[in-house]
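First comes the structure, then the notes that go with it.
The values are calculated or read from the model by the stated rules, or taken from the named source; none is laboratory data. Keep in mind that this is a model prediction, so the values were computed, not measured. Here the Cβ positions follow ideal geometry from the backbone for every residue, glycine too, while neighbour counts run over all protein chains shown.
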Amino acid sequence: MAAASPEESIMSKEKEANINVYVRIRPLSREEIIAGDKCAVTALKDGKTAQVVEEGGGYKLTTRTFKFDGCLGPTADQDQVMERLKVVKMLDSVLEGYSSTIMACGQTGSGKTYTMSGRDEGVHKGNNLGKMERKEDGLIARSVSYLFESINKRTSNSDQEKIYTMRASYYEVYNEQVNDLLRLDAPPRDVKWSSKDGFYVDNLLLVDCETLDDVFAVLEEGSRNRKVGSHEMNKDSSRSHCIMTLHVDSNFWIGDCAPITRYGRMLFVDLAGSERLKKSKSSGEMLRETGNINRSLFTLGKVISALSEGKRGDGMVPYRESLLTKLMMESLGGNSLALMIACVSPSSSALDETLSTLHYGTCAKHIINAPSVNMDARDKVVLELELEIVRLKKENSLLRSKLGLADEEEIATTVTIPPYCASAKRNKSPRKTSTESNCKTSGLAKADLGNPSLEKQLKGLEKLFAKDGNFYQRFATFIFGGKRRLR
């Protein structure tokens, strides 16, 4: 069986998909080793299970296991993370018009920002752009490189004309306010709601990105401007939730129709780390930041818990209780593909927070999203009609071949123009084609028009165009004339 074309796959019934959850265990830090902390979390050989060993009273050990879509141990490098998490599959979906989200969660200092942005947090210099020669580049830089590489291949190797455009935004949720990281002089941005887009950040700067350098400039600027602080648990602690979004619009043409646009989106979410005040010893402004971080993460946990229990809808899931959960509504229980990376420390001293993160991930893997292509309703109808035209023309050609007819006009057929057609209104009676008498005399009418399947398909098309007589005429001209463009 021939594979469906990209356009046909768009119109196929969308399937529900669970959020994919992976665990990444970082190595013990130098400070943890000096403090004598033991390694309490390991990745088992199956590549999917995290094992936690707890010490009880009387030196009794308790072992617990948590199974996910994947579990990466301390030796996994950035290349392996990109491959094991199947990020490329999500990026390909973005180019087809889907929304995709990669989010990193975990306690402060667990490796979230390193996983997403790399060692230097997005600073890229020199001529190695796009070659992924930097071993410590994070998922964002690697994903951007892949997107541009894939776009170049799609536009140069395809027979079908396609045009891709990319725009980028970068903002943070800090103390329950949204700050545009690309416009430091701007006041906090408002989060608004629309029936079409759901929750969105109003007046957010979108930067046109024609090259890799353009996107990396956005990444570097945003990373430099995000709020960070230093405390007992992490000298470079993120004090806000950061979201970088790549908008990838694709225009393509089918036959003679107008261009159809799909709106892909790729979200990279680096959540602030949860903190215990007793350990972080935060005070002053940092104490207020910690409180806001923990409250928003608590609300995120409530949303994840509600969705994992099968609850649906804004009324049953507490999305509106924080800005973070409002902005992640599409990613959690919405129409986006989603991947969660639960970053944990293996240290025995961080076991409480590690167990909390693993519990988050266990709940999240039960959340069901319904991924769908983002496109205008009008474009979707046009695409459906164009694909129906292609299908009927193929069926028509096959029928001619079976009947041994070389010329389309030799096929006997009857076209009844409905009363809503302008010509039918003038004549006040159904009009028959000049080939109808030939159909009757040749005996082909019974063979062709007696085909229940074909009659049913044609009647279905008449219903599609019942509300627009002019469009019906253009459709008939396109099918039987083969030269006219649908507008």
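Below are the figures for this structure:
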| read-out | value |
| --- | --- |
| Entirely in the range 33-92, the strands (runs of 3 or more DSSP E) that have 2 or more residues that are exposed (fewer than 15 other Cβ atoms within 10 Å of the Cβ) and touching a residue at least 24 places away in the same chain (Cβ under 8 Å) | 49-55 |
| Contacts under 6 angstrom Cβ, first residue in the range 211-235 being modelled with pLDDT of 80 or more and surrounded by 17 or more Cβ atoms within 10 Å (Cβ to Cβ), partner assigned to a strand (DSSP E or B) and charged (D, E, K, R), 6 or more apart | ARG226/GLU172 |
| Members of the range 139-189 found to be under 22 Å from THR101 (Cβ atoms), charged (D, E, K, R) and not in a strand (DSSP E or B), listed by number | ARG142, GLU149, GLU176 |
| Enumeration of residues in the range 172-207 that are among the aliphatic types (A, V, I, L, M) and either over 19 Å from PHE268 (Cα atoms) or surrounded by fewer than 15 Cβ atoms within 10 Å (Cβ to Cβ) (or both) | LEU184, ALA186, LEU206 |
| Filtered residue count, the range 305-354, keeping only those that are closer than 30 Å to GLY36 by Cα and in a helix (DSSP H, G or I) | 7 |
| Condition check for GLY264: at pLDDT below 95, of a type outside the set (Ser, Thr, Tyr) and in a strand (DSSP E or B) | no |
| Enumeration of residues in the range 353-378 that are modelled with pLDDT under 95, among the charged types (D, E, K, R) and under 18 Å from the mean Cα position of the chain (by Cα) | ASP376 |
| Residues of the range 236-245 satisfying the condition of being of a type in the set (D, E, K, R) and at pLDDT 95 or above | none |
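Residue by residue, here is whether (1) among the β-branched types (Val, Ile, Thr); (2) buried (at least 24 other Cβ atoms within 10 Å of the Cβ); (3) over 28 Å from VAL88 (Cβ atoms) holds:
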position: LEU307; (1), (2), (3): no, no, no
position: GLY310; (1), (2), (3): no, no, yes
position: GLY315; (1), (2), (3): no, no, yes
position: TYR319; (1), (2), (3): no, yes, yes
position: LYS326; (1), (2), (3): no, no, yes
position: GLY334; (1), (2), (3): no, no, no
position: CYS343; (1), (2), (3): no, yes, no
position: GLU353; (1), (2), (3): no, no, yes
